[in-house]
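The values are calculated or read from the model by the stated rules, or taken from the named source; none is laboratory data. Note that this is a predicted model, so its numbers are computed, not measured. Here the Cβ positions follow ideal geometry from the backbone for every residue, glycine too, while neighbour counts run over all protein chains shown. Note: accessible area is taken over every heavy atom of the protein model, side chains too, but ligands, DNA and RNA are not part of it. Shrake-Rupley method; radii C 1.70, N 1.55, O 1.52, S 1.80 Å.
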Amino acid sequence: MIYNSVQQKIANKIEEESRISNWKDWKWQLKHSIKSLDKFEELTGIRFDEKERENLHKTFDKFPLSITPYYLSLISKENFRNDPVFKQAFGGIEELITLKSELEDPLSEDSDSPVEGITHRYPDRVLFHVSNICSMYCRHCTRKRKVGDIDFVPSKAQLKKGIEYIANTPHVRDVLLSGGDPFMLPDSMIDWLLSEISAIPHVEIIRIGTRMPVVLPYRITDKLVNILKKYQPLWINTHFNHPNEITASAKEALAKLADGGFPLGNQSVLLADVNDCPRIMKSLLHKLVQNRVRPYYLYQCDLSEGLSHFRTPIGKGIEIMESLIGHTSGFARPTYVIDAPGGGGKIPVMPNYIISWSTNKVVLRNYEGVITTYKEPDSYEQKMCDRDCDNCNLELNVKEIDESDAIGIERLLSDSNDSISLVPEDNERHLRREDEIVE
Ligand SMILES: *Cc1c(COP(=O)(O)O)cnc(C)c1O
């Protein structure tokens with residue numbers, strides 16, 4: 001059902017004789033987003049006692065509340081304290097706890113920002129924050145520090161700085177629009193922004209990260225899809241965390257996007273008491289692939305301030321991956337990643353499958369616990385690659401190859417580079433050696 005009795009009741013409390021056309025109008029939804037405790041109580045019929053109200057006010061002063069009427073309608077009133085939507089949308093005093101290990105900007109996005117709005121961390125792609133607002137404020141937001149800063153939609157002049165940076169940085173081939181939620185921008189602005197970015201010759205693909213299919217699925221209008229269609233190849237990633245979020249309205253939004261021809265991905269966050277259960281996770285992943293969404297990442301919850309109650313040990317994530325690999329379709333399982341504090345980027349983590357190794361045999365285990373061996377070739381003649389692709393000595397017959405230099409561990413493995421180690425900048429032993437040279 002698209003418009004159920006709970007939704008009807010909420011709609012009528014917001015506006016007498018509210019119509020379904022209002023409910024499904026995303027601007028109406030935004031206009032009536034729930035931003036206060038009183039409004040929340042009025043619309044849901046849930047009541048908190050005085051002490052808890054006081055604590056909630058303190059919480060919302062620091063981390064503001066904003067829930068769309070649609071997302072609110074998914075909360076089960078009877079059992080709200082255990083409700084996964086309630087936990088993601090509505091805060092509590094535990095958000096005011098800040099641990100020593102927590103950071104305001106754990107991913108150092110601000111330090112890796114060459115111009116306002118851009119985070120440039122990886123060699124060939126950038127993150128472009130094109131809006132700092134969202135239709136629903138996730139309580140587990142990694143960018144909590146920015147939420148509720150005066151909401152603003154950046155002007156074209158501000159966005160132009162980011163566009164210029166991309167245009168002037170030829171190795172950027174992939175631009176990831178994020179925010180906030182890029183779909184909070186008006187259609188005309190999205191059209192303009194995509195036309196500017198896609199006109200840059202070295203940009204091969206654009207990606208959009210949005211939570212709209214989850215929290216405000218009516219934002220995915222035919223008009224929006226028709227605008228997006230002009231800018232293929234366009235990849236869209238969304239953020240479902242729990243199977244309860246995959247409603248009839250959400251399915252309709254996903255179908256519009258999939259029919260529009262956009263490859264769809266999903267990034268979930270592993271959250272304590274929300275989805276830290278192999279069965280819930282599997283149910284979510286199966287529902288996603290049924291709706292043509294490919295699970296992309298499962299994130300370990302970041303070390304942002306006020307998220308300690310959401311965090312699980314990494315072992316929980318590994319346990320979940322163990323329950324998925326081999327047990328369900330390969331394309332139904334995400335890559336579990338830890339976004340390294342300090343800006344190191346995403347680090348994939350998995351259970352171990354290699355048990356032992358000799359010069360010609362590898363001992364492996366499978367998902368059932370069966371131990372098996374893989375016999376390696378008796379002779380494998382190593383051909384040295386000199387990275388001169390124009391005159392490929394391996395005669396691999398390659399065209400249009402990326403000839404940038406190897407970095408990091410790839411460089412250590414490369415034949416054509418004589419680096420033998422990577423040394424931390426402040427390694428004392430090496431600093432002493434430099435001193436010796438100076439003397
Ligand atoms: C996640 C992220 C990307 C994209 O990474 P992929 O692994 O390619 O999805 C790019 N830039 C930043 C800063 C990111 O955090």
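Some points to look at:
- Theoretical FRET efficiency, 1/(1+(r/R0)^6), r = Cβ-Cβ of residue 174 and residue 116, R0 25 Å, to 0.05: 0.80
- Residues of type lysines that residue 316 reaches as a straight line, Cα spacing below 25 Å, ignoring anything fewer than 8 places off in the same chain: 87, 100, 144, 282, 287, 346
- Among 208, 254, 307 - extreme Cα towards positive end, dipole of the chain, charges at beta-carbon: 254
- Here is the size of region 121-178 from its Cα atoms: Rg then Dmax, 13.2, 37 Å.
- Just the protein heavy atoms count here, and of the accessible area of the chain at 1.4 Å, carbon and sulfur take up 52 percent.
- When each full DSSP H helix of the chain is screened for a Cα extent of at least 27 Å along its own axis and an average Kyte-Doolittle hydropathy of at least -0.5, none passes.
- Gained length - residue 255 relative to residue 108, 0.36 nm times residue gap less alpha-carbon distance: 49.4 nm
- Peptides 374-385, 266-277, 45-56 ranked from most to least packed, by the mean per-residue count of other Cβ atoms within 10 Å: 266-277, 45-56, 374-385.
- Our analysis of the chain gives Rg over Rh at 1.01, with the two radii drawn from alpha carbon positions and Rh computed by the Kirkwood formula.
- Per residue, the convex hull around the alpha carbon atoms of region 389-438 comes to 119 Å³.
- Placing dummy labels 7 Å off each Cα toward the beta-carbon, the span from residue 54 to residue 27 is 4.3 nm.
- Protection proxy ranking, peptides 425-435, 326-336, 168-178, average beta carbon neighbours within 10 Å, highest first: 168-178, 326-336, 425-435
- Once backbone amide H atoms are built at 1.01 Å from N, residue 208 has 177, 235, 236, 237 as its partners under 5 Å, excluding neighbours fewer than 5 places away on the same chain.
- Cβ-derived FRET efficiency at R0 22 Å, residue 366 paired with residue 286, nearest 0.05: 0.55
- Rounded to the nearest 20 debye, dipole of the chain from Cβ charges on Lys, Arg, Asp, Glu: 2140
- Projecting the Cα atoms of 357, 296, 345 onto the dipole axis of the chain, where Lys and Arg carry +1 and Asp and Glu carry -1 at the beta carbon, places 296 farthest toward the positive end.
- Distances between every pair of Cα atoms in region 30-177, grouped in 10 Å steps from 0 to the bin holding the largest one, split as 10, 33, 28, 19, 8, 1 percent.
- Å² per residue, accessible surface of the chain at 1.4 Å: 53
- Mean separation of Cα contacts under 8 Å, 6 or more apart, over the residue count of region 118-348: relative contact order %: 16
- Each residue of region 24-30 is assigned a 3J(HN,Hα), and the resulting list reads 8, 8, 5, 6, 5, 4, 5 Hz, derived from the Karplus form 6.51 cos²θ - 1.76 cosθ + 1.60 (θ = phi - 60°), x at Gly and Pro.
- Label-point separation in nm, residue 101 to residue 161, each point 7 Å along Cα→Cβ: 3.5
- Sequence-distant residues sharing a close amide H with residue 34 (under 5 Å, placed H): 67, 68
- Value of Rg to Rh for region 5-84 (Rh from inverse mean 1/r over Cα pairs, i.e. Kirkwood): 0.98
- Prolate/oblate/rounded label for region 353-439 (Cα gyration tensor, a/c 1.5): oblate
- Phi angles across region 378-395 convert, under the Karplus curve 6.51 cos²θ - 1.76 cosθ + 1.60 with θ = phi - 60°, into 3J(HN,Hα) values of 5, 10, 10, 7, 6, 9, 6, 9, 9, 6, 9, 5, 5, 10, 4, 6, 8, 6 Hz, Gly and Pro given as x.
- Modelled FRET efficiency - R0 51 Å, residue 76 with residue 356, Cβ distances, 0.05 increments: 0.55
- Computed from point charges on the beta carbon alone (+1 for Lys and Arg, -1 for Asp and Glu), the dipole magnitude for region 220-324 about its Cα centre is near 460 Debye.
- Per residue, the convex hull spanned by the Cα atoms of region 173-298 measures out at 96 cubic angstrom.
- Spin-label model, residue 35/residue 391: points 7 Å from Cα along the beta carbon direction are separated by 6.7 nm.
- Among beta bridges identified by DSSP and lying wholly in the chain, the antiparallel ones come to about 35 percent.
- Straightening the chain between residue 403 and residue 94 buys 106.2 nm, computed as 0.36 nm per residue apart minus the Cα-Cα spacing.
- Semi-axis lengths (Å, descending) of the ellipsoid that matches the C-alpha gyration tensor of region 118-348: 28, 20, 17
- Amide H contacts under 5 Å for residue 336: 298, 349, restricted to partners 5 or more places along the chain or on a different chain, H placed in the peptide plane at 1.01 Å from N.
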